[in-house]
Amino acid sequence: MAPAPVLGPSVGLKSHLGVARSALSLIRHLATPVLPKTMKESPIFVRTYDLLRWLIPATLKFPRQHRFVLAETVQRTALRFQEEIIEAGHRERPLAELARADLTLAKLKLYLRLCHDLDLFSHGQYEHTARLVGEVGRLLGAWRKTFEQPGRAKG
């Protein structure tokens with residue numbers, strides 16, 4: 001049996017760097033949002049993505065005693081909202097998914113207000129988040145209206 005080839009330090013390092021570059025390019029590809037073309041262009045998907053892109057790093061800066069409960073809850077709720085609107089985008093009649101998304105957005109608003117009241121968000125950060133969430137809420141409401149029945153009473 002032939003002995004295994006001995007790799008010098010430079011060959012091994014080049015091999016590891018190549019693998020790391022490949023992994024990094026795969027991660028970048030997987031991190032790109034995969035949405036149908038109409039969803040990529042729809043303002044609610046774009047604004048929700050913008051909200052997540054701002055919100056997740058902001059919650060990672062919470063003090064340790066709040067990071068594992070409140071920060072995680074805010075992150076999960078915001079991600080759940082995004083999942084629900086994506087699911088709605090794949091349905092012909094998405095009323096149930098849009099209603100769930102509306103409820104999830106209401107929960108997110110409550111958690112964000114709590115973050116502000118506990119001084120985890122500055123006033124400026126809270127205003128920014130409230131603007132983003134308000135815009136997403138208006139877009140969600142407009143989307144829901146397109147599927148509501150014309151003669152149905154609203155409660």
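Here are some notes:
Here is a yes/no grid of residues against (1) over 18 Å from the mean Cα position of the chain (by Cα); (2) among the aliphatic types (A, V, I, L, M); (3) part of a loop (DSSP other than H, G, I, E, B); (4) more than 20 Å from Gln65 (Cβ to Cβ):
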| site | (1), (2), (3), (4) |
| --- | --- |
| Ala101 | no, yes, no, yes |
| Thr104 | no, no, no, yes |
| Leu114 | yes, yes, no, no |
| Gln125 | no, no, no, no |
| Gly134 | no, no, no, yes |
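- For segment 118-150, the set of residues classified as at pLDDT below 95 and among the polar types (S, T, N, Q) consists of Thr146, Gln149, listed by residue number.
- Look at (1) surrounded by 17 or more Cβ atoms within 10 Å (Cβ to Cβ); (2) in a loop (DSSP other than H, G, I, E, B) and you find that Arg93 fails only one, number (1).
- Some residue of segment 65-82 being touching a His at 6+ places or on another chain (Cβ under 7 Å), surrounded by 14 or more Cβ atoms within 10 Å (Cβ to Cβ), without any contact (Cβ under 8 Å) to a residue 40 or more places away in the chain and assigned to a helix (DSSP H, G or I): no
The values are calculated or read from the model by the stated rules, or taken from the named source; none is laboratory data. Computed from a prediction, not measured in an experiment: that's the story for all the values here. Don't worry about glycine lacking a Cβ; one is built from the backbone with ideal geometry, like all the others, and counts go over all protein chains shown.
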